[in-house]
Amino acid sequence: MENRLNRKVLLGVTGGIAAYKSAQLTRLLVKAGCEVQVLMTPSAHDFVTPLTLATLSKRAVLTDLFVRDGSGAWNDHVHLAQWADALVIAPATSNTLGKMAQGLCDNLLLAVWLSMPKGTPVFLAPAMDLEMLKDPASQANLNRLRERGARVIGPESGELASGLVGEGRMSEPEAIVSAMHDTLVGHSKLNGKRMLVTAGGTQEAIDPVRYIGNRSSGKMGFAIAEEAALRGAQVELISGPVELKLERPGISRTDVIAAADMAAACRAFAPRADAVIMCAAVADYRPANAADGKIKKKDAALQIALEPTEDILAWMGANKTSSQRLVGFALETDNELANATDKLVRKQLDLLVLNSLRDAGAGFGTDTNKITMLAPGKDPLALPLMSKREAARAILDRLEELL
Ligand code: CTP
């Protein structure tokens, strides 16, 4: 199965002959849905050109802490460390490993490593010659870094640049990505699955300047899309107008405005989706005739005739394939459980997430939510108030059980 990582990855490249494999590693990380920022040590430049890695990663390669062009500019190691979901150093030379183990930081890569929030996953792919690797100092450095939580990938045995044969070869880029995948994504059933997620509210035009909308912020749908991406899913996010930016790579986003646009985008993608989560607050009605020009103010009351929009979720339920799983949301104010159960059956859903407006902290605009999940033949699962991120994880856990 395709390994999708969908993460912001710092790739540290240090000065060893195995640096020629960094180009392939960059390519594989990008293919796995990652945003890759390459950090080279000065001596890595002797082995591979920054141009190669910049072209493959589609980002300028960074080497120096200070930009020595008289501008006073510098590369912010703290910001880079905070930005990353993971750091991989491949190849990691004995020099760099030694400095890391001692906490030295005489280049940008080392300064970033020291600045990383503790707990950010770090992967090291050592590459050095036989005796260098066997040396007690190298082994002690590696052990020290392992104790600090770094995952050491390889090195492998084989022919070395010196002509000697033995342990010290850097692991192949495929093996590095696969090891990163095992640790970061694990065995999620969403790995490699195509998911359609909708988010935000819709805006239904009254005239060119006014619309009927709702208070949906899109936060719940965005959290679901990002958590699904972290589990290796290939996510298509269809969003109504929201103020949010995606913080995760590997998600394809389509912005729509009205219910009709959202319906068209959903219908186009749905046949390819393994799972669909309809989190958007789609308008149920739209003005039957949006005015071409701005409606002028008059003394008399204004009547706007409304017509129903297409129920996208109902369409999804009626058209879903046998292997596709469909998740709907419901916001009820009265008879919550009874209404939600009815919606689950009526719209042929596999899972329904009920949020109640009655609970403080749940619903529109907040960073928290209180949800109850209903699935056919299962008891409702009522969860306490939690962050929308945690709620997203709970929903995806439940979805994984259904896949
Ligand atoms: N939904 C949809 N298309 C619409 C309206 C809603 O796909 N035109 C989806 C929402 O994305 C959500 C679910 O339907 O997943 C529930 O929306 P809600 O407004 O609670 O339900 P309705 O079906 O509109 O039912 P009611 O108004 O009776 O509560």
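The table below lists the values:
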read-out: For the chain, built as a Gaussian network whose Cα springs stay under 10 Å, the top-fluctuating residue of 317, 221, 158; value: 158
read-out: Positive-pole candidate from 67, 44, 105, dipole of the chain, charges at beta carbon; value: 67
read-out: Dipole of the chain, positive end: most advanced residue of 55, 234, 117 [Cβ charges, Cα centre]; value: 234
read-out: In Å², nearest 10: area of residue 113 left accessible to a 1.4 Å probe; value: 20 Å²
read-out: Using alpha-carbon coordinates, inclination of helix 388-402 to the longest axis of the chain, degrees; value: 90 degrees
read-out: Partner aspartates and glutamates for residue 245 [C-alpha distance under 12 Å; skip if fewer than 8 residues away on the same chain]; value: 226, 255
read-out: Nearest-ten-degree value, helix 136-147 long axis tilted from longest Cα axis of the chain; value: 20 degrees
read-out: Stretch gain in nm, segment residue 144-residue 337, where the contour uses 0.36 nm per residue and the Cα spacing is subtracted; value: 64.0 nm
read-out: Aspartates and glutamates whose Cα lies under 20 Å from that of residue 343, excluding same-chain neighbours fewer than 8 positions away; value: 284, 310, 311, 332, 334, 379
read-out: Residue among 219, 298, 31 with the largest mean-square fluctuation in a Gaussian network model of the chain, springs linking Cα atoms under 10 Å; value: 298
read-out: Net charge contributed by nearby residues that have their C-beta within less than 12 Å of residue 21 (K/R +1, D/E -1); value: -1
read-out: Amide hydrogen neighbours beyond the local backbone of residue 351, cut-off 5 Å, H modeled; value: 326, 328
read-out: Whole-number percent relative contact order across region 194-402, with pairs defined as alpha carbons under 8 Å at least 6 apart; value: 20 percent
read-out: Cα gyration tensor shape of region 212-280, rounded if a/c is under 1.5, else prolate or oblate by comparing a/b with b/c; value: oblate
read-out: Ellipsoid semi-axes in whole angstrom, largest first, where each is sqrt(5λ) of the Cα gyration tensor of the chain; value: 49, 24, 18
read-out: Of 31/58; 21/134; 118/219; 193/320; 8/58, those spanning more than 21 Å from alpha-carbon to alpha-carbon; value: 21/134; 118/219
read-out: Rounded, prolate or oblate (a/c below 1.5 giving rounded, otherwise prolate when a/b exceeds b/c) for region 285-343 by Cα gyration tensor; value: oblate
read-out: Cβ-based charge dipole, the chain, positive-most Cα from 395, 329, 10; value: 329
read-out: Sum of side-chain charges, residue 295 neighbourhood, beta-carbon under 11 Å (Lys, Arg +1; Asp, Glu -1); value: +3
read-out: Total charge dipole magnitude, the chain, about the Cα centre, Cβ charges on Lys, Arg, Asp, Glu only, Debye to nearest 20; value: 400 debye
read-out: Rh by Kirkwood over Cα pairs, then Stokes-Einstein D for region 8-184 at 1.306 mPa s and 10 °C, µm²/s; value: 99 µm²/s
read-out: 5 angstrom amide H check on residue 4, placed H, neighbours 5+ away; value: 192
read-out: Cα gyration tensor category, rounded, prolate or oblate, for region 108-192 with a/c compared to 1.5; value: oblate
read-out: Between region 234-308 and region 352-376, the alpha-carbon center distance in angstrom; value: 21 Å
read-out: 10 Å binning of all Cα-Cα separations within region 194-402, expressed as whole percents from 0 upward; value: 8, 35, 36, 15, 5, 1
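The values are calculated or read from the model by the stated rules, or taken from the named source; none is laboratory data. Fair warning: this is a prediction, and the values are worked out from it, not measured in the lab. Here the Cβ is made from the backbone with ideal geometry for all residues, glycine too, and neighbour counts use every protein chain on show. The accessibility values were calculated without ligands, DNA or RNA, using every heavy atom of the protein model including side chains. Shrake-Rupley method; radii C 1.70, N 1.55, O 1.52, S 1.80 Å.
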